[in-house]
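For reference, the structure is listed below as structure tokens.
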């Protein structure tokens with residue numbers, strides 16, 4: 001299992017460099033583009049994720065990290081439920097700047113740090129919950145990403161991956177494919193000034209493991225009780241797995 005492969009990238013390092021630069025270019029309009037392109041349904045996907053992991057969030061002393069946090073939407077949603085501070089990390093500095101500015105506007109805690117999700121600066125077995133929303137697909141190596149999440153989780157901890165997926169319904173898949181290949185790059189480019197980012201998006205989804213395959217990959221990485229839920233015609237899936245007790 002490899003990772004994302006942007007056009008022209010010949011190695012994992014080149015893929016990571018391209019992704020970091022791409023997100024840096026769109027950070028200033030990232031939230032606007034996300035909400036418009038998803039018709040605001042992305043808020044519902046995150047809310048469902050928070051509900052799914054709520055039992056972990058409510059554990060006394062739970063330590064929570066949202067990786068590839070981008071502008072911080074999921075981290076802030078988790079924080080509204082979790083009594084302890086929620087941390088967010090991302091390897092794209094402009095995204096973290098945008099997240100910090102948003103947190104300040106909302107008077108929300110912002111415990112953010114810059115870090116590659118493949119090399120988290122946390123101790124082994126130190127976290128109760130690791131989440132990632134629409135960032136896992138952009139990792140340069142999916143297997144390494146899963147193993148790093150597994151390394152950082154305490155026994156009985158949980159990993160939750162919210163990510164775009166392959167629609168399970170053929171008719172919906174055809175409509176979604178047309179939208180993502182034709183309209184999305186044009187609208188995304190108009191909003192952000194970076195059309196290449198929104199040409200990359202549908203291609204990265206096409207290459208990403210389907211929901212059952214990602215569940216198997218999580219099992220091979222050491223997670224147990226792996227389950228997944230499909231949302232919005234299967235265009236998005238939430239995978240959850242536990243670290244063995």
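For the stretch 154-245, the relative contact order is 46 percent, taking Cα pairs closer than 8 Å that sit 6 or more residues apart in sequence and dividing their mean separation by the residue count. Only helical DSSP H runs with n ≥ 4 go in: add -39500 (n - 2.57) per run for the chain, normalise by residue count and round the 222 nm mean residue ellipticity to 500 deg cm²/dmol. Taken over the chain, the calculation gives -14000 deg cm²/dmol. Compare 162, 214, 183 in a GNM of the chain, Cα atoms joined below 10 Å, and give the one with the largest fluctuation. In this elastic network of the chain, the residue with the biggest mean-square fluctuation among 162, 214, 183 is 183. For the pair the stretch 125-182 and the stretch 1-51, the centres of their Cα atoms are 11 angstrom apart.
Sorted ascending by nearby beta carbons within 10 Å, beginning with the fewest, 161, 41 become 41, 161. Neighbour counting of Cβ atoms within 10 Å sorts the residues 81, 175, fewest neighbours leading, into 175, 81.
Rounded to the nearest 0.05, what FRET efficiency do residue 181 and residue 43 give with R0 = 25 Å and r taken as the Cβ-Cβ distance? Could you check? With R0 = 25 Å, the Cβ-Cβ based efficiency is 0.55.
Listed from fewest to most Cβ neighbours within 10 Å, the set 112, 36 follows the order 36, 112.
Contact order normalised by length for the chain, with contacts defined as Cα pairs under 8 Å and 6 or more residues apart; what percent is it? Relative contact order, the chain: 21 percent. Extending 7 Å from the Cα toward the beta-carbon at both residue 84 and residue 106 defines two label points whose distance is 2.1 nm. For the chain, modelled as a GNM whose springs connect Cα atoms under 10 angstrom apart, the maximal fluctuation among 140, 125, 110 occurs at 125. Structure remark: mean-square fluctuation, Gaussian network model of the chain, C-alpha springs under 10 Å; the largest value among 76, 22, 218 belongs to 22. The length gained by stretching the chain between residue 2 and residue 190 to full extension, at 0.36 nm per residue less their Cα-Cα distance, is 64.6 nm.
Each value in this text was obtained by applying a stated rule to the coordinates, not by laboratory testing. All figures in this text were calculated on a predicted structure; none of them were measured in a lab. Because the Cβ atoms are built from the backbone with ideal geometry, glycine has one as well, and the counts that use them run over all protein chains shown.
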